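Peer 1: Quick one: the structure is below, questions incoming.
Since every read-out is calculated from the coordinates, none of them should be taken as a lab result. This is a predicted model, so every value here is computed, not measured. Virtual Cβ from ideal backbone geometry, glycine too; neighbours counted across all protein chains shown.
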Ligand SMILES: [Zn+2]
């Protein structure tokens, strides 16, 4: 029983604490906290009592915490945006891009959130899917641009999950300038109504 709650930390034997989910929580000894003397805050809490996350959430800033993270904590009311749990003292907090940069996200504060380190890992895995679909969307956009360049009017619809041309009118300049497609002969192209040759 003694071993479960009392640990040796550095030269301090008898540090009260417990292990929860592989994290060690320790009760700060009085001697550790009294070293720093600052103006008293109402009640028993002090911004320097080690409860960094709590104070950052309350005040939106904390001397030991990056201003950007503290601001996010205040906005999120001290809770992780991924799991919804309140950040606890000692939790590792990381800043995450809600829409990843690689998926077109920006660096503005509206695209940032504070997450537990382990929640951030989970979210990053999900981000990879978003990044992948963003990339294929970009490739498709580029393809569409190229198609639009070659076609004056383009009408298409989804058929069997593929963008399928319904009734396109081929750009005439393309026909006269590049009539080297073996199957299509120049006279037919010139006289045929646009669109017919596409069938
Ligand atoms: Zn979380």
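Peer 1: Apply 1/(1 + (r/R0)^6) to the Cβ-Cβ distance of residue 126 and residue 158, taking R0 = 25 Å, and write down the FRET efficiency to the nearest 0.05. Walk me through the numbers on the way to the answer.
Peer 2: Values: r = 25 Å, r/R0 = 1.02.
Result of the calculation: an efficiency of 0.45.
Peer 1: Rounded, prolate or oblate: which fits segment 89-141, taking a ≥ b ≥ c as square roots of the Cα gyration tensor eigenvalues, rounded meaning a/c under 1.5, else prolate when a/b beats b/c? Provide the component values of the computation, followed by the final result.
Peer 2: On the way: a/c = 5.43, a/b = 1.97, b/c = 2.75.
Note, shape of segment 89-141 comes out oblate.
Peer 1: Determine the gain in length on full extension of the stretch residue 98-residue 111; use 0.36 nm per residue of separation and subtract their C-alpha separation, reporting nm with one decimal. Provide the component values of the computation, followed by the final result.
Peer 2: Numbers: separation 13, 0.36 × 13 = 4.68 nm, distance 0.52 nm.
Working it through step by step, the gained length comes to 4.2 nm.
Peer 1: Between residue 166 and residue 140, how high is the FRET efficiency from 1/(1 + (r/R0)^6) when r is the Cβ-Cβ distance and R₀ = 22 Å? Nearest 0.05. Let's see the in-between values first.
Peer 2: Values: r = 17 Å, r/R0 = 0.78.
Using R0 = 22 Å, I get an efficiency of 0.80.
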